[in-house]
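Below: one structure, written as structure tokens.
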Amino acid sequence: MRKVKYFIFTLVCMLVIPTISNAECDYQRQAELARKASNVQLNYLYIENQGFQVIMTNLTSDLYAVDMYGQRINGGEEKIFEYSSGTVSFDIYSVDTACSRKLITKSVNLPILNSFYGSDECKQFPEFKYCQLWGNYSIDDEAFQSEFNEYKTEREKKLTEISEKEKTAFDIIIEVLQQNVFMIIFFGIVIVITIIYKLFNRHK
């Protein structure tokens, strides 16, 4: 009876042990999956008036991804997703049941579109500090308008100073002549009369 029990126990072990060993995720397989997961690439493309396209590449058929909304993305070909802004992340898993675990998290940071970018002020002066395409500026409309008016006034002042510095000597002479035209005419008349008087006396 005891021999029969040993036989049954041995038979069960023979059936179970191979199954357990087959279910193990060995180090070599883990390293291979980790390498493939690390090769997954995320890039983005901004399309005006539409938003961002996040492009996932190198997600092989023995991997799958789960986005931050819990949606599963199977591997295979290139994947394209649409997002607005902020950080987009994906958890990468193995489809291998023996190695079914999270391998890595891949993220991409999407820049924030500046809410003032399309304003009339920014169209007029795109170089203004709050008029860049990207930027999450923590100011309200009133503060923006106040700083814009200061910038515009300062800009006009600088342009005037530059314009004055760029005047040539000829421009300055013309300006002096225009400002003193009556005095110049007076002295001109005096000089002409003096010359005529001297010539007249010489002929005598």
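With each pseudo-label sitting 7 Å past Cα toward Cβ, what's the I55-K102 distance in nm, one decimal?
Simple spin-label model gives 2.8 nm for this pair.
Under a point spin-label approximation (7 Å from Cα along Cα-to-Cβ), what is the N149-I173 distance to one decimal in nm?
For the pair N149/I173, the computed spacing is 4.5 nm.
Kindly state, to the nearest 0.05, the FRET efficiency for E48 paired with E164, given R0 = 41 Å and r defined as their beta-carbon distance.
On the way: r = 41 Å, r/R0 = 1.00.
For E48 and E164, the calculated efficiency is 0.50.
I need the calculated FRET efficiency for the pair Y69 and E156, taking r as the beta carbon distance and R₀ as 45 Å, to the nearest 0.05. Don't skip to the answer; put the middle values down first.
Numbers: r = 50 Å, r/R0 = 1.12.
Efficiency, from the Cβ-Cβ distance: 0.35.
Rolling a 1.4 Å sphere over the protein heavy atoms, what is the accessible area per residue of segment 71-132, to the nearest Å²? Write down the numbers at each step before the final one.
On the way: 3660 Å² over 62 residues.
Here the per-residue accessible area is 59 Å².
Among the aspartates and glutamates, select those whose C-alpha is under 18 Å from the C-alpha of K129, and discard any that sit fewer than 8 residues away in the same chain.
Within the straight-line cut-off, K129 pairs with D120, E121, D140, D141, E142, E147, E150, E154, E156.
Assuming R0 = 25 Å, can you tell me the calculated FRET efficiency for the pair I139 and Y83, based on Cβ-Cβ distance, to the nearest 0.05? Could the numbers behind the result be given before it?
Details: r = 25 Å, r/R0 = 1.00.
Step by step, r from the Cβ atoms, then E = 0.50.
The values are calculated or read from the model by the stated rules, or taken from the named source; none is laboratory data. Please read these numbers as outputs of a predicted model, since none were measured by experiment. Please note: Cβ atoms are built from the backbone with ideal geometry, for glycine as well, and neighbour counts cover all protein chains shown. The accessibility values were calculated without ligands, DNA or RNA, using every heavy atom of the protein model including side chains. Shrake-Rupley method; radii C 1.70, N 1.55, O 1.52, S 1.80 Å.
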